Each structure stands twice: as structure tokens, then as C-alpha cells.
Amino acid sequence: MEGDPHHSGCSGSSTGPILPEWAPEGGGEGFYSEVRPGTEADSAPHRPRKRRTELSMDDYEKGVLSGDRTILARAITLVESNLAVHQEKAAELLRRVQPKSGNCIRVGITGVPGAGKSTLIEAIGTKLCREGHKVAVMAIDPSSTRSGGSVLGDKTRMEELSREPNAFIRPSPSGGALGGVARKSRETLVLCEAAGFDVALIETVGVGQSEVTVRSMVDFFLLVLISGAGDELQGIKKGVIELADLIAINKADGDNVLRARAAMTDMNQVLHYLQPATEGWASRAVTVSAETRDGLDELWKTILEYEKNTRKSGVWDNRRRNQDVEWMHSMINEALRNLFYRDPVIQTLLTRLEGEVAAGRLPPAAATLELLSQFTSRR
Ligand code: GDP
């Protein structure tokens with residue numbers, strides 16, 4: 001047997017069905033197997049993986065616009081990269097595909113961990129895919145890292161949706177500060193829309209600033225709550241309720257239905273006294289069950305009704321225009337901040353002046369003036 005490259009510890013020829021040596025005598029046909037010649041990859045398992053071919057800008061553009069998922073994923077990786085060379089490429093690609101984006105309903109979804117956001121997104125996303133929509137699911141979680149974010153980080157979640165050919169699920173970019181994460185997510189959204197996704201579901205955890213950020217990039221904002229806990233207990237601030245176009249009281253199933261309905265009534269009363277999140281739209285609360293999927297058809301119908309109303313009144317387009325201008329300003333802020341804080345002369349001066357200010361020898365305003373005049377004089 002030595003020197004036989006196809007030897008596999010089995011008896012018989014390598015072409016037809018063979019019986020392994022360890023098969024019990026008279027074990028029947030259940031133990032037959034077939035051995036085929038190994039492939040090149042099998043015989044060199046530790047060979048380094050071939051580098052992916054470089055894509056030209058035209059490849060990226062064509063790939064994204066034709067909805068090629070592999071190229072879309074690679075384009076998102078460019079957008080998420082912090083390398084200057086990738087960022088330049090990403091900017092050029094975005095410039096090219098931006099005109100093809102925008103044909104999408106952007107829905108933000110927030111709520112504390114455990115409220116059922118992922119289950120709800122899986123249920124709505126699957127339903128919409130089966131109705132012929134192309135659904136992009138994204139997350140914004142500034143605390144997430146590549147190795148394991150809390151939102152969409154766990155690959156075992158959304159199993160059903162991830163099997164839908166019309167769904168594209170992208171976990172939160174890692175990036176530390178919310179500003180960086182938000183920029184990457186906005187750009188990812190542009191790419192997904194250019195690739196033909198007509199529904200975007202953007203999840204965020206309902207604690208901190210991230211819901212304000214998500215509100216600033218979506219058309220419709222959904223807050224997921226559960227009954228049986230006061231809103232303080234759910235960690236939801238009044239400010240977040242004021243951002244919501246719809247509140248879904250989730251887990252309205254089994255013996256929880258009555259409590260969920262009571263919470264819905266309470267919430268509707270609260271909403272009655274708040275400023276509406278969207279001009280001309282009365283935010284309301286409904287009950288749903290992401291698990292039994294009760295109420296999800298109505299929930300989606302409400303979103304469509306909202307779209308129809310706000311498009312007609314002009315509020316939809318107006319908000320999008322304002323969001324784009326706001327986005328531009330936040331990018332200017334980020335760029336200016338980087339220019340300032342990464343300037344080596346400023347870094348040295350800043351360290352010295354911090355000491356002066358801390359010691360009480362220099363007023364903060366004077367230090368600021370000195371830094372800014374040093375910064376502007378060198379440009
Ligand atoms: P997330 O942290 O907000 O994304 O919440 P998950 O979607 O991970 O759900 C948290 C837990 O609640 C899971 O164990 C879900 O199975 C459960 N859950 C979610 N939706 C429902 C629902 O409608 N009814 C019931 N009974 N349980 C639910």
C-alpha cells in the first residue's frame with residue numbers, strides 16, 4: 001500500500017463502492033462508501049490561501065449595481081476599513097453609486113437587550129423577503145468589536161432570515177466612537193440600496209446616544225418595549241419615546257396578552273401628550289408577538305401607511321434632505337477634528353497648554369485661542 005496516494009485504509013478498488021476495514025462482518029450495505037481521488041487542496045491542507053484578486057473600481061461599481069453579494073460585502077469592507085487607501089477607494093465608489101441609492105424604506109429599531117428586537121427583525125425580514133422584497137439588516141452598536149458584538153454579533157441569531165436569498169445581514173461595524181460607526185453604517189446603507197435592497201432594518205440598543213444617531217439616518221423609527229416593567233426599569237428614557245413613530249409592545253402572547261394590552265393603552269396615553277416624532281404623524285403603540293408573529297402584518301401596514309402619508313405631505317423627502325445636510329456637517333466636524341488633533345505641532349502645544357490650564361496659570365479660553373491661532377496660521 002505504501003506509495004499509493006489514494007490509500008485510505010479501505011479495502012477494494014478506489015472507483016466503485018467499497019467496504020471500510022472497520023465495518024462489522026455482515027454489517028450490510030449501510031457501511032459501503034466510495035473513495036475518489038483527492039483534490040489539490042486536500043493534498044496540501046496547510047498551503048496559505050490564495051490572495052483574493054484585486055477588484056478595479058469598475059468591478060466594484062458594476063458588482064454593487066448588479067446586486068452581486070460577494071462584491072457588495074467586499075465594498076462594505078472597504079467602507080469599514082480605517083486604511084487611507086481603502087477610504088479613498090470607498091469615497092470614489094460611493095460617489096459613483098450614490099445616485100442609484102435611496103429607493104428604500106429605512107426603518108430604525110431600538111429597545112433594550114431582551115425586548116425581542118432580533119426576533120422581531122427575523123420575523124419581519126423573513127416575511128418581507130417572502131413577499132419579494134430585498135431586505136438589508138444592519139446594526140449600530142458602538143460597543144461592538146469584530147470578535148463579538150452584542151448586536152447581531154452572534155451568528156446563530158436570525159438563522160431563518162439568513163437562509164433567505166433576498167436577505168443581507170451585516171453586523172455592526174467596529175469602530176469605537178459612535179461617530180465612526182455611524183459614518184460606516186450610513187455608507188453601508190448607500191451601498192445596499194445601490195445593490196437593490198428596498199427595505200433596510202437598522203437595529204440599535206436602546207441605551208445611550210446610538211438611537212439618536214439611528215433616528216438621523218432612517219425614515220421610520222420603531223421602539224420595541226415589553227410589558228410588566230416600568231419604562232425606567234426598561235432603561236428607556238423619555239427622550240427615546242419621543243423619537244418613535246411607533247411603539248411595539250412585544251411578547252403579547254400566552255398569558256402575557258392582557259398585560260401587553262394594558263401597556264399599550266398606557267403608552268398611547270403617554271404618546272398623546274408628547275410632541276410627535278414626525279410632523280403630521282400621530283405616533284401610536286401596538287401589541288405584537290415576534291414569536292407567534294401576531295400583529296406583524298399590521299405593523300408593516302402601519303409603516304406603509306406612514307410612508308404614503310409622509311410622502312404625500314412632503315415630510316418624507318424633507319427629512320431625507322435634512323438628514324443629508326446633517327450628515328455632511330457631521331463629516332466636516334469629524335474631518336476638522338482629525339486635522340486639528342493629529343497635527344504634530346498642535347499635539348505638542350496641546351500637551352504644554354493642558355499643563356498650564358491644569359495648574360491654573362492660563363485660562364482655558366486663552367489656551368484655546370492660542371491653539372487655534374497656531375492651527376490657522378499654519379494653513
Ligand atoms: P433583543 O436583545 O432585543 O434582540 O432580544 P431577542 O430577540 O434576542 O429576544 C430575547 C428573548 O426574548 C429571546 O429568548 C426570545 O426568544 C424572546 N422573545 C422575543 N420575542 C418574543 C415574543 O414575541 N414572545 C415571547 N414569548 N418571547 C419572545
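LYS237: which lysines have alpha carbons under 28 Å from its alpha carbon, excluding same-chain residues fewer than 8 sequence positions away?
LYS117, LYS184, LYS251, LYS301
Could you please report the charge total around ALA182, scoring K, R as +1 and D, E as -1 over all other residues with beta-carbon less than 15 angstrom from its beta-carbon?
Numbers: positive: ARG106, ARG170, ARG183, LYS184, ARG186, ARG215, ARG337; negative: GLU80, ASP141, GLU187, GLU203, GLU211, ASP324, GLU326, GLU334.
Cβ neighbours under 15 Å give a net charge of -1.
At most 11 other Cβ atoms within 10 Å and a DSSP loop assignment: could you name the GluC sites (Glu not before Pro) in the stretch 52-112 that fit?
Filter output for the stretch 52-112: GLU54.
For GLN87 and GLU354, what does the FRET efficiency come to when R0 = 45 Å and r is the distance between their Cβ atoms, rounded to the nearest 0.05? Display every interim value, and only then the final one.
On the way: r = 30 Å, r/R0 = 0.66.
Computed FRET efficiency for GLN87 and GLU354 comes out at 0.90.
Could you sort 127-138, 331-342 so that the peptide with the highest average Cβ count within 10 Å comes first and the rest follow in order?
Working: 127-138: 19.4, 331-342: 11.3.
Those peptides, ordered most packed to least, come out 127-138, 331-342.
Work out the length of the dipole vector of the stretch 101-313 about its Cα centre, built from +1 on the beta-carbon of each Lys and Arg and -1 on the beta-carbon of each Asp and Glu, and round it to the nearest 20 debye. Show your work: numbers first, answer last.
Details: 25 positive and 27 negative charges, 90 e Å.
Dipole magnitude for the stretch 101-313 comes out near 440 debye.
Kindly put GLU203, GLU187 in sequence by how many other C-beta atoms sit within 10 Å of each C-beta, fewest to most. Kindly include the intermediate steps, with their values, before the conclusion.
Details: GLU203 26, GLU187 22.
Listed from fewest to most nearby Cβ atoms, that is GLU187, GLU203.
Values in this text are rule-based calculations from the coordinates and carry no lab data. Bear in mind that the values here come from a model prediction, so they are computed numbers and not experimental data. No Cβ is skipped: glycine too gets one built from the backbone with ideal geometry, and neighbour counts run over all protein chains shown.
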